[in-house]
Amino acid sequence: MSYKIAGIDVHKKMLAVVVSDVEVNGEYQFERIRYSTTPEHLRLLAEWLAAQQVEEIVMESTAQYWKPVWGALERYWKPICQERKGAGPMSGTLHLAQAQSNRGRRGRKKDFPDAERLVKRLVANELTLSFVPDAEQRLWRTVTRRKYQLRCNHVRLQNQLEGLLEECHIKLSSLVSDLLGASARRMLKALAEGETKPAALAAMADKNLRATQEQLCDALGACTELKPIYRQLLKMFLEELHLIDQQIVKLDQELASLLSRHHDAVVHLAEIPGLGVDSAQQIIAEVGAGAATFPSAKHLSSWVGACPGDEESAEVSKNHRSRKATATCGGF
């Protein structure tokens, strides 16, 4: 019985596509075709693959360029394939292969042979495949990962702000526990807007601040001779940090709406010591609301990177380190 698999070598502007019947004896006979990566051409590719009665598709995870290809095939090709009469359990399956597992010999890199190798290694079970969740979960991941990036940017900017203050001989960070707390923000905003009196700045501090007015005046004494360019830079830092804070609040609201159906799961995870709502949302976005993709807790631990390795030779253990988990292990 005929069973066709397609391999796609993904590039930014072009796709090298091959199709072969993997049930035939002997060498595979591949049909080759090229397509552009424009939305219209991706739709035409899906229709062509459906006309060829392709049952499975495998592509390489090339940078971010595979994502629109995956999305188009998921939308146009997969439903047709699954609804076809006589469709098997694997019909309509998309595979994403990690690039390292499809490497050829050095100096033998060509588009169509790479696509053909994908098909051969998929059949031989030699590819390392990535987990790609459904479209809804991919949207969760996009939002949570953007939120994580914003938090990293916030920390980076705060460190740069402290470095600028040290360069200006403003020792405010030595007296306040949070450089971006309410008291410190008021003083820094006034400093950026041109205030030159240390006593006026110190008076803006909250009464509960442990530092005395004399200590604050001493720490802010350099403001009397602060150059205008430093005030401008300080103002830019504060504006950028404020913008990031606003964006994080908006993403929090969007994420709460996206995960509203799984509110109980978020609350349940957040109750675990060491976790909170942010961590719970991120975990659900990465593994799913029920982690149903993973057959067991061991599989999930291995995928996350929390499962120690087991390198043994002649009954002597060599290494039990856990690998470093990365976003690539999650595919999308």
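Values as computed for the structure displayed
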item: For the chain, convex hull of alpha carbons as volume per residue, Å³; result: 241 Å³
item: Two-decimal Rg to Rh for the range 1-77 - Kirkwood Rh, Cα set; result: 0.97
item: Percentage relative contact order, the chain, counting C-alpha pairs under 8 Å, at least six apart; result: 13 percent
item: T38, T144 arranged by Cβ crowding within 10 Å, fewest neighbours leading; result: T38, T144
item: Scattering profile of the range 1-144 at q = 0.18 Å⁻¹ [log10 I(q)/I(0), Debye over alpha-carbon scatterers]; result: -1.06
item: P(r) histogram, all alpha-carbon pairs of the range 60-131 included - 10 Å bins from 0, percent; result: 18, 43, 32, 7, 0
item: Radius of gyration, Dmax [the range 193-278; alpha carbons; angstrom]; result: 20.7, 57
item: FRET efficiency, E31 to M90 (Cβ-Cβ, R0 25 Å, nearest 0.05); result: 0.75
item: Order of C168, C81 under a 10 Å beta carbon neighbour criterion, fewest first; result: C168, C81
item: Cα-based equivalent ellipsoid, the range 164-221: semi-axes from gyration tensor eigenvalues, Å; result: 15, 12, 12
item: Computed helical MRE - 222 nm, the chain, DSSP H runs ≥ 4 contributing -39500 (n - 2.57), nearest 500; result: -14500 deg cm²/dmol
item: Rounded to whole Å, sorted largest first: equivalent-ellipsoid semi-axes of the range 114-228, Cα gyration tensor; result: 53, 15, 12
item: Sorted by Cβ neighbour density within 10 Å, fewest at the top, the residues T212, T293, T224; result: T224, T212, T293
item: Calculated FRET efficiency for the pair R103/N153, C-beta based, R₀ 35 Å, to 0.05; result: 0.55
item: Contact order relative to length of the range 136-258, as percent, for alpha carbon pairs under 8 angstrom and 6 or more apart; result: 33 percent
item: The chain: most fluctuating residue of L15, L49, L216 per GNM, C-alpha cutoff 10 Å; result: L216
item: At most 11 other Cβ within 10 Å, DSSP loop - GluC sites (Glu not before Pro), the range 191-298; result: E193, E271
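Readers should treat all values here as calculations from the given coordinates under stated rules, not as data from a laboratory. These numbers come from a predicted model, not from an experiment. Using ideal geometry, Cβ is built from the backbone for each residue, glycine included, and neighbour counts are taken over all protein chains shown.
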